[in-house]
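J.: I'd like to ask you about the structure that follows.
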Amino acid sequence: MSNCLVCDHPIDSFLSFGNMPIANHLPMPKHFRNEFRAELAVGFCPGCYMVQLTNLVEQEHLYNDEYAFFSGSSKGMSKHFQEFAEFIMQHYLPTDDSFVVEVGSNDGILLQHMAKRNIKHLGIEPSANVANIATKRGVESLVEFFNVTTAEKVKQTHGQADAILGANVICHIPDIHSVAKSVKALLKPNGVFVFEAPYIANTIRKTAFDQIYDEHAFFFGVHSVVNCFSRHGLELVDVMERNVHGGSMRYVLAHKGAHEVTSKVKQLLVLEDHLGLLKIETYQDFAKSAEKSRDQLKQLITGLREQGKKIVGYAATAKSATVINYCGLTPEHIKYISDTTPAKQGRYSPGAHIPIKPYEIFKQDKPDYAILFAWNHADEIMAKEKNFIKRGGKWIVFVPEVAIVENVKQ
Ligand code: TYD
Ligand code: ZN
């Protein structure tokens with residue numbers, strides 16, 4: 001049994017996927033024999049309500065030269081980052097000399113909007129390859145991990161920040177206390193810490209078990225965010241739901257007492273209680289639904305293959321590694337996975353080794369079915385794949401339920 005990363009209380013494990021490969025490492029045939037695997041399991045802490053991985057893979061296994069995640073992989077996300085930037089600039093960067101810091105700034109997709117308006121900014125990004133792209137975009141970047149030492153250094157060189165931001169990155173950092181301490185040190189007395197992450201209530205409601213993979217150390221909710229950051233004198237003052245990554249939450253935190261707490265925070269605390277997010281039984285039910293979903297998906301695909309149908313995958317997402325390996329799908333079931341990312345094409349899916357092919361192949365090919373692995377981009381994909389349906393193709397979906405459909409709503 002493991003203990004909670006936030007409050008050290010013993011965790012109740014509720015779902016294990018068994019040994020899983022690294023979700024964002026797409027191997028070549030020479031890597032197949034020695035592919036790294038580790039147990040993927042998730043648990044609930046009855047002490048602080050944080051849902052979390054119970055067995056963490058060392059960071060060096062996750063984030064290295066093989067890392068295959070690129071922020072700018074869809075039009076929808078570019079639009080989202082623009083809205084996020086506008087929101088911050090309008091509400092939290094009040095003066096000409098305001099200063100904004102982003103943790104895990106990747107290729108500068110968010111901070112580029114501040115850079116364009118000559119707003120003082122700094123991205124803190126440990127991966128040099130993506131930070132270099134940000135620099136080329138005019139985004140000032142520091143190649144470091146975000147920790148107390150870095151925060152103190154930035155404070156000395158740039159001063160304290162009016163806003164510290166994080167988009168789908170805070171849930172990746174197991175040492176959450178170090179994040180909180182660093183924010184405390186770097187944030188101006190009236191500043192805000194704003195981060196986004198997939199929202200646990202949506203993951204549970206949609207049986208989106210594919211959100212669970214090695215990088216997602218935490219599955220935040222309003223209760224668990226409050227419990228985690230209040231220990232450090234940071235108060236949750238506002239929350240906003242966002243329709244990205246399958247249903248995300250934007251959390252706004254500040255030094256305790258510095259900002260008024262909106263009624264939305266209270267509303268969601270009550271809602272989470274009603275939804276049962278504070279008790280283990282809800283997560284045990286989720287695990288049963290995930291198992292049912294796994295069995296139904298495997299059965300559906302096996303049946304279609306017995307009828308000789310051609311099935312492909314749509315988008316080699318990190319999430320798909322969980323679905324494919326949990327369901328035991330192989331290249332016998334899924335002929336290939338189409339993906340628009342050049343760096344993913346020609347590689348193979350983790351564990352199952354299904355070939356990843358350029359999108360152009362999918363467009364020319366006539367598969368009978370495509371499994372929608374990028375269901376979080378359904379609106380964008382439905383708009384551009386009308387032809388696939390016209391020529392008789394159908395989508396296989398598994399979130400929120402396993403089904404064959406012609407149209408998917410996000
Ligand atoms: P993403 O949404 O980032 O999911 P995850 O966090 O699970 O990796 O994955 C987007 C992937 O989907 C990326 O590899 C690009 C691919 N993709 C397509 O191939 N076609 C599309 O139309 C879209 C929107 C994405
Ligand atoms: Zn806890």
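J.: Once you list every other residue whose beta carbon is under 9 Å from the beta carbon of G123, what net charge do they have if Lys and Arg are +1 and Asp and Glu are -1?
T.: Surrounding charge for G123 is -3.
J.: Right, here's the next one. When the chain is fully extended, how far beyond the present Cα-Cα distance does E260 get from T302, taking 0.36 nm per residue of separation?
T.: That pair, E260 and T302, stretches by 9.6 nm at full extension.
J.: In whole angstrom, note down how far apart the Cα centers of segment 156-235 and segment 1-56 are.
T.: For segment 156-235 versus segment 1-56, the Cα centre distance is 19 Å.
J.: Enumerate cysteines in the chain without a disulfide-compatible partner, where compatibility requires another Cys Cβ under 4.7 angstrom.
T.: Here C171, C228, C327 come out as lacking a disulfide-compatible partner, given the Cβ-Cβ threshold of under 4.7 Å.
J.: Now for a different question. Sort R250, R347 so that the residue with the fewest other Cβ atoms within 10 Å of its own Cβ comes first and the one with the most comes last.
T.: R250, R347
J.: Near C48, within a Cβ-to-Cβ distance under 15 Å, what is the net charge of the other residues, with Lys and Arg +1 and Asp and Glu -1? Spell out each step's value before the answer.
T.: On the way: positive: R231, K279; negative: D8, D12, E272, D273.
Within the 15 Å Cβ shell, the charges total -2.
J.: Quick one: M114, M20, fewest Cβ neighbours within 10 Å first, how do they rank?
T.: Numbers: M114 27, M20 23.
The order, fewest Cβ neighbours first, is M20, M114.
J.: If you count, for each residue, the other Cβ atoms within 10 Å and average over each peptide, how do 254-260, 317-323, 84-90 line up from highest to lowest?
T.: 317-323, 84-90, 254-260
J.: Dividing the Cα radius of gyration by the Kirkwood radius, what Rg/Rh value follows for segment 216-256?
T.: With Rg and the Kirkwood Rh in hand, the quotient comes to 0.99.
J.: Moving to a separate point now. At 222 nm, what helix-only mean residue ellipticity would the chain give, in deg cm²/dmol to the nearest 500, using -39500 (n - 2.57) for each DSSP H run of four or more?
T.: -10000 deg cm²/dmol
J.: Extending each Cα 7 Å along its Cβ direction at K75 and R137, get the distance between those two points in nm, one decimal.
T.: In this crude label model, K75 to R137 measures out at 1.8 nm.
J.: Only counting other Cβ atoms within 10 Å, I'd like D107, D339, D368 sorted with the fewest neighbours first.
T.: Lowest to highest Cβ neighbour count: D368, D107, D339.
J.: Using only Cα positions of segment 317-410, each an equal point scatterer, no hydration layer, compute I(q)/I(0) via Debye at q = 0.10, 0.20 Å⁻¹ and quote the log10 values to two decimals.
T.: Ignoring solvent entirely, the Cα scatterers give -0.24, -1.06.
J.: Whole number please: convex hull volume per residue of the Cα set in the chain, in Å³?
T.: Roughly 136 Å³ of hull volume per residue.
J.: Can you list residues whose amide H is under 5 Å from R242's amide H, if they're 5+ apart or on another chain and H is modeled 1.01 Å from N?
T.: S248, M249, R250
J.: I've got another one for you. For segment 2-153, what is the percent of antiparallel DSSP beta bridges, rounded to the nearest 5?
T.: 65
J.: Another one. Can you list residues whose amide H is under 5 Å from S105's amide H, if they're 5+ apart or on another chain and H is modeled 1.01 Å from N?
T.: Distant-sequence amide H within range of S105: I124, E125.
J.: Still on this structure: Less than 10 Å Cβ to Cβ from A134, Lys/Arg counted +1 and Asp/Glu -1: what total charge do the surrounding residues give?
T.: That works out to -2.
J.: Rounded to the nearest 20 debye, what is the charge dipole size of the chain about its Cα centre when +1 sits on each Lys and Arg Cβ and -1 on each Asp and Glu Cβ?
T.: Numbers: 44 positive and 45 negative charges, 240 e Å.
For this selection, approximately 1160 debye.
J.: Toward the positive end of the charge dipole of segment 235-347, about the Cα centre and with charges on Cβ (Lys, Arg +1; Asp, Glu -1), which of G303, G246, A318 goes farthest?
T.: My answer, from the dipole projection, is G303.
J.: Choose one of T340, G47, F99: the residue whose Cα lies farthest towards the positive end of the charge dipole of the chain (beta-carbon charges +1 Lys, Arg; -1 Asp, Glu; about the Cα centre).
T.: Checking the options against the dipole of the chain, the answer is T340.
J.: With charges only on Cβ, +1 for K and R and -1 for D and E, what is the dipole size of segment 71-258 about its Cα centre, in debye, rounded to 20?
T.: With Lys and Arg at +1 and Asp and Glu at -1, about 180 debye.
J.: Could you size up the charge dipole of segment 282-405 around its Cα centre, putting +1 on the beta carbon of Lys and Arg and -1 on that of Asp and Glu, and report it in debye to the nearest 20?
T.: 340
J.: Express in whole angstrom the spacing between the alpha-carbon centres of segment 114-150 and segment 353-378.
T.: A separation of 34 Å, based on Cα centres.
J.: Oh, and also: Using a cut-off of under 11 Å, list every residue of segment 311-349 whose amide N is near the label point 7 Å from the Cα of K292 along the Cα-to-beta-carbon line.
T.: Backbone N within reach: none found.
J.: Using 0.36 nm per residue of separation minus the Cα-Cα distance, give me the extension gain between A38 and I389 in nm, one decimal.
T.: Working: separation 351, 0.36 × 351 = 126.36 nm, distance 3.85 nm.
Roughly 122.5 nm would be gained on extension.
J.: Need the list of lysines near K181 for cross-linking: C-alpha distance under 17 angstrom, and skip anything on the same chain fewer than eight residues off.
T.: Straight-distance partners of K181: K153, K155, K256.
J.: Let me ask another. Starting from the eigenvalues of the Cα gyration tensor, five times each then square-rooted, give me the equivalent ellipsoid semi-axes of segment 71-258, largest first, whole Å.
T.: Each semi-axis is the square root of five times an eigenvalue, giving 23, 20, 16 Å.
J.: Rounded to the nearest Å, what's the spacing between the alpha carbon centres of segment 290-335 and segment 385-409? Just the number, please.
T.: About 14 Å separates the Cα centre of segment 290-335 from the one of segment 385-409.
Each reported figure results from applying straightforward, stated rules to the coordinates on display, with no laboratory input. This structure is a prediction, so every number in the text was calculated from the model and none was measured. So basically every Cβ, Gly included, is an ideal-geometry build from the backbone, and we count neighbours across all protein chains shown.
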